[in-house]
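The values are calculated or read from the model by the stated rules, or taken from the named source; none is laboratory data. Fair warning: this is a prediction, and the values are worked out from it, not measured in the lab. Neighbour counts are summed over all protein chains in view; Cβ atoms, including those assigned to glycine, are modelled from backbone coordinates with ideal geometry. Protein only, heavy atoms only, side chains kept; ligands, DNA and RNA dropped before computing areas. Shrake-Rupley method; radii C 1.70, N 1.55, O 1.52, S 1.80 Å.
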Amino acid sequence: VMGYVAVGCINTTIVIVVSKLLFGVNWGANPVFAFLLLFAMIVMITSLGMLLGEIFKSSSAAGTVGHLFIVISAFFGGAYMALEDMGGVANIGKYFSVIWWANTGISNQIYNNSYDSMITAFIIFITLSVVFLGIGLLFMNRKEAYGNG
């Protein structure tokens, strides 16, 4: 888990630095806060991946569920179309999308100098990380106690 988080953080740092230096991307007055939110999201997604790996017997089943999670989260995060055009279901579904929470938190920090939604997203990501890691550890202990069968 630590290795995946480290690789994700290195990749994210490269994206932030290169986009800021080469393309002049505005990451806000203090880009460290954006990085911390993305770091929390990396930890949460890595924890979810570990949990899926422990729940499902085969890596293809875990990969399928993981990809399904990515597509649904991207859909409700507004990656495919504007959620405002889709009505009530999309407006409720966006609250279950990690992409929507990250985008809202970073955008409000950059454009409104407001950290409220960023703090909310950070708390959600860390809470889900702890839950996913805890459930994953329970599955690991169960496998060790009762064997691999």
Only residues that are crowded, with 18+ Cβ neighbours inside 10 Å and within 23 Å of K94 (Cβ to Cβ): list them for segment 52-65, please. L52
List pairs: first in segment 90-112 and without any contact (Cβ under 8 Å) to a residue 12 or more places away in the chain, second part of a helix (DSSP H, G or I) and surrounded by fewer than 18 Cβ atoms within 10 Å (Cβ to Cβ), Cβ under 8 Å, 6+ apart or cross-chain? N91/E84; N108/D116
Cβ-Cβ under 9 Å, sequence separation 6+ or interchain: first residue in segment 121-149 and within 18 Å of M2 (Cβ to Cβ), partner modelled with pLDDT under 80. Which pairs? L133/V1; G136/V1
Which one is farthest from G77 (Cα to Cα), of the residues in segment 96-125 that are loosely packed, with under 14 Cβ neighbours inside 10 Å and under 13 Å from the mean Cα position of the chain (by Cα)? I123
Any idea which of L68, L22 is open to solvent by 60 Å² or more (accessible area, probe 1.4 Å), assigned to a helix (DSSP H, G or I) and closer than 30 Å to N141 by Cβ? L68
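Rundown of residues vs (1) surrounded by 13 or more Cβ atoms within 10 Å (Cβ to Cβ); (2) outside any helix (DSSP H, G or I); (3) among the hydroxyl-bearing types (S, T, Y), yes/no style:
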| residue | (1), (2), (3) |
| --- | --- |
| N11 | no, no, no |
| F35 | yes, no, no |
| G78 | yes, yes, no |
| M81 | no, yes, no |
Considering G63, G28, G24, which residue is of a type in the set (G, A, S), in contact with a helix residue (DSSP H, G or I) (Cβ under 9 Å, 6 or more places away or on another chain) and without any contact (Cβ under 8 Å) to a residue 60 or more places away in the chain? G63
